[in-house]
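Step one of this worksheet: look at the structure below.
The values are calculated or read from the model by the stated rules, or taken from the named source; none is laboratory data. In this text the structure is predicted, and so the values were computed from the model without any measurement. Every residue, glycine as well, gets a Cβ built from its backbone with ideal geometry; the counts of neighbours run over all protein chains shown.
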């Protein structure tokens with residue numbers, strides 16, 4: 001079934017080398033930083049024209065590889081003949097690209113491919129306008145994939161009707177239209193294609209939503225640098241609900257000012273009343289917090305240094321942590337989920353070294369272990385120098401519910417200046433930890449405790465900032481490097 005070429009392989013190679021040479025010369029003709037604004041935008045548009053041509057060729061070639069690697073061909077399959085178990089692996093090995101990229105080429109290529117039957121009869125593409133756009137470089141692969149995906153879902157119920165042909169042409173026309181030097185983005189085309197799909201779908205959105213619901217997932221993937229990547233796919237309703245919740249948590253009325261934020265009109269943020277230079281009393285303590293107190297930070301030294309994305313992550317983590325403690329949350333043998341952490345006795349006593357959390361490959365610093373000892377439901381396994389288990393402690397919440405309620409009434413929430421987190425979002429912190437010379441064994445009362453949100457609790461344990469108690473009120477002590485005067 002392989003079609004013969006009209007030129008020899010040597011001639012093809014020579015022509016290809018010539019094209020590459022011309023393109024390489026054009027690409028290196030001018031450094032981007034030396035271009036004027038109009039020339040820069042024109043250059044990137046021209047580069048995209050080349051990119052669309054190359055991407056379209058990749059997709060069409062990948063589609064042909066997929067056709068020649070069909071499973072029904074058995075040992076005659078191209079991928080099997082090359083000793084590859086899957087077609088994406090073959091394409092990735094030939095191109096040096098990522099498997100998921102190869103898979104996207106193959107998926108789109110199979111969808112738009114036209115061919116010739118064994119009898120020499122032309123088999124037209126199901127998406128002729130998309131195929132033509134990919135061939136002549138007028139249509140990008142991202143927009144093409146959006147069009148094909150949405151219309152394929154409708155065609156699965158209706159077949160490739162005249163209505164779908166008309167919709168395909170209209171979407172391709174929109175994607176290739178240039179007005180004032182600008183085009184619709186692939187995201188714009190995706191939204192438009194989604195609306196067209198909803199209009200054409202005879203059963204309405206309900207069946208499509210059931211399909212989307214069936215695709216939902218959350219996965220965790222350990223990374224090489226100690227981080228864990230959470231990958232999730234959310235159906236529209238759940239995505240909208242979560243976005244609305246997170247956006248509410250990011251509202252200017254509740255969020256702190258970030259490192260990259262600047263106050264309106266270039267003014268500096270107002271100081272929180274009651275902040276004193278040295279050993280400033282936690283402004284929430286005893287007084288009850290007023291709404292305006294939640295919105296300001298008294299000093300650049302206590303300014304929130306998180307990025308906006310880090311802030312969203314911390315709020316999301318807060319939501320999960322609070323939800324885990326609610327009535328009706330999942331239980332294991334009647335108990336709430338427990339974090340198991342392993343640490344060596346010498347490291348625990350001296351405050352250095354690392355701990356190990358069950359299920360996680362990479363270690364956590366001792367500051368994190370001490371933070372968990374302050375607040376969390378944990379089981380700590382203490383090891384001796386030879387790896388023997390010295391103690392396997394049972395879960396213990398160091399502050400009782402009544403004590404936490406009393407601290408909530410006193411502190412009003414996180415005691416860090418400018419933090420808006422209320423009591424239900426906070427963790428209990430031992431002002432004097434168990435290693436401190438003033439710590440009395442077995443003594444856990446509110447005169448040695450303060451409320452901190454998870455972020456500031458972590459910060460206190462990992463930085464030079466300290467908390468102290470003065471007249472039964474928590475006060476924040478800055479590092480010596482910071483001059484509050």
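For the stretch 473-485, the candidate set comprises residues that are at pLDDT 80 or above and closer than 25 Å to residue 410 by Cβ; within that set, the residue that is surrounded by the most Cβ atoms within 10 Å (Cβ to Cβ) is 474.
Does at least one position in the stretch 367-383 carry a residue that is at pLDDT below 80 and in a loop (DSSP other than H, G, I, E, B)? Scanning the stretch 367-383, I find at least one residue that is at pLDDT below 80 and in a loop (DSSP other than H, G, I, E, B), so the answer is yes. Checking the stated criteria, residue 345 turns out to be at pLDDT 65 or above, surrounded by 13 or more Cβ atoms within 10 Å (Cβ to Cβ) and more than 29 Å from the chain's Cα centre (by Cα).
Taken together, 212, 151, 191 contain a single residue that is without any contact (Cβ under 8 Å) to a residue 40 or more places away in the chain, touching a helix residue (DSSP H, G or I) at 6+ places or on another chain (Cβ under 8 Å) and either assigned to a helix (DSSP H, G or I) or crowded, with 17+ Cβ neighbours inside 10 Å (or both), which is 212. Residues considered: 114, 69. Of these, the only one that is without any contact (Cβ under 8 Å) to a residue 24 or more places away in the chain, buried (at least 18 other Cβ atoms within 10 Å of the Cβ) and farther than 27 Å from residue 26 by Cβ is 69. Suppose the filter is over 28 Å from the mean Cα position of the chain (by Cα), buried (at least 16 other Cβ atoms within 10 Å of the Cβ) and in the same structural domain as residue 152 (by TED's automatic domain parsing); does residue 78 pass it? For residue 78, the condition - over 28 Å from the mean Cα position of the chain (by Cα), buried (at least 16 other Cβ atoms within 10 Å of the Cβ) and in the same structural domain as residue 152 (by TED's automatic domain parsing) - is met. Set side by side, the residues 73, 61, 53, 57 differ, and just one is assigned to a helix (DSSP H, G or I) and more than 19 Å from residue 125 (Cα to Cα), which is 73.
Residues that are surrounded by 14 or more Cβ atoms within 10 Å (Cβ to Cβ) and in a helix (DSSP H, G or I) within the stretch 81-92 comprise 87, 88, 89, 90, 91, 92, listed in sequence order.
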